[in-house]
Amino acid sequence: MAHVIAVAGKGGVGKTTLCGLMIQYLCEKGKTPVLAVDADANSNLNEVLGVEVEMTLGEVREDVERSADSKNSKIPPSMSKADYMEMMVNRCLIEEDDFDMLVMGRTQGKGCYCFVNGLLQAQLQKLTPNYPYLVVDNEAGMEHISRGILPKVDTIILVSDCSRRGVQAVGRIRDLIKECNLNPSSVGLIVNRAPQGVLNQGTQEEIEKQGLTLLGVLPQDETVYEFDCEGKPTVELPADSPVRKALYDILDKLNL
């Protein structure tokens, strides 16, 4: 099985940017191919990586569920639901030189999706052994992992801004990880957008109070903001970008 790295944090703290740079780091280290999974309904990991999305797994799941009792089912009569799901999951796979990408899409609508989720889980379990690393950009609730749709998780990287409230929010996500019995090998915190890359004492105290393991601190970088405003993929940041350099140093220490 792939080494599964999950990145989580509340909205707006920059976890998608970090996730994209982490994928690029793994690719540059030759740990390819990497499977990138966008599991945040409000995330734009594809924009960070500079790829286009044509279809999401959420759309496939909706399609299969609607087809179950529909006279206008898109599933051919000679094909089982499982085979149809496998075919559509393969269509959702975005293939690049060093990484592939799947977008989970929005959460499910009304009705029971247990059976369809089971099909999706089975197809992902078939797919993931083809990759040494799987990087998942999660929403704060980590829904797709907590539902068991994605495989086990080995490393969880929590991302917060440099505020006390942000650290408190990450503490609640850490508690959710325990409640879901995910049992990762390691859980650590990266604090993003710190002025000059330095935490004030109040934030440091809150990290200690929450019992979080601090992996490192990333500085505020105006170039990231400029790239976002111009619609440029964040992975095209220059090699001397303060954020890139700081994150790569952290990842080197993790020995991924």
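Descriptive notes on the structure:
- Against the conditions (1) farther than 30 Å from Glu206 by Cβ; (2) touching a Ser or Thr at 6+ places or on another chain (Cβ under 8 Å), Gln123 satisfies every one except (2).
- Residue match in region 7-20 (condition: more than 21 Å from Asp97 (Cβ to Cβ) and touching a Cys at 6+ places or on another chain (Cβ under 8 Å)): yes
- Some residue of region 150-163 being open to solvent by less than 10 Å² (accessible area, probe 1.4 Å), in a helix (DSSP H, G or I) and touching a strand residue (DSSP E or B) at 6+ places or on another chain (Cβ under 8 Å): no
- Among the residues listed as Lys31, Lys81, Lys15, Lys10, the single one being farther than 30 Å from Val170 by Cα and charged (D, E, K, R): Lys81
- Filter result for Ser241 (in contact with an Asp or Glu (Cβ under 7 Å, 6 or more places away or on another chain) and within 22 Å of Asn44 (Cα to Cα)): yes
- Per-region count, region 128-150, residues out of contact with any Pro (no Cβ under 6 Å at 6 or more places or on another chain) and within 22 Å of Tyr25 (Cα to Cα): 10
- Region 198-223, residues that are part of a helix (DSSP H, G or I), in contact (Cβ under 8 Å) with a residue 24 or more places away in the chain and either hydroxyl-bearing (Ser, Thr, Tyr) or in contact with a Leu (Cβ under 7 Å, 6 or more places away or on another chain) (or both): Thr203, Ile207
- Selection within region 224-255 - buried (at least 17 other Cβ atoms within 10 Å of the Cβ) and either in a strand (DSSP E or B) or not hydroxyl-bearing (Ser, Thr, Tyr) (or both): Val224, Phe227, Val235, Leu237, Pro242, Val243, Arg244, Ala246, Leu247, Ile250, Leu251
- Region 135-149 - residue that is of a type outside the set (Val, Ile, Thr) and modelled with pLDDT of 85 or more and, of those, surrounded by the fewest Cβ atoms within 10 Å (Cβ to Cβ): Asn138
- Residue ID - farthest from Gly9 (Cα to Cα), chosen from residues in region 194-233 that are touching a helix residue (DSSP H, G or I) at 6+ places or on another chain (Cβ under 9 Å) and charged (D, E, K, R): Lys232
- Residue list for region 178-218, filter: among the hydrophobic types (A, V, I, L, M, F, W, C) and open to solvent by 80 Å² or more (accessible area, probe 1.4 Å): Val198
The values are calculated or read from the model by the stated rules, or taken from the named source; none is laboratory data. Keep in mind that what you see is a predicted model, and the values were worked out from it rather than measured. Don't worry about glycine lacking a Cβ; one is built from the backbone with ideal geometry, like all the others, and counts go over all protein chains shown. Calculation scope for accessible area: heavy atoms of the full protein, side chains included, ligands and nucleic acids excluded. Shrake-Rupley method; radii C 1.70, N 1.55, O 1.52, S 1.80 Å.
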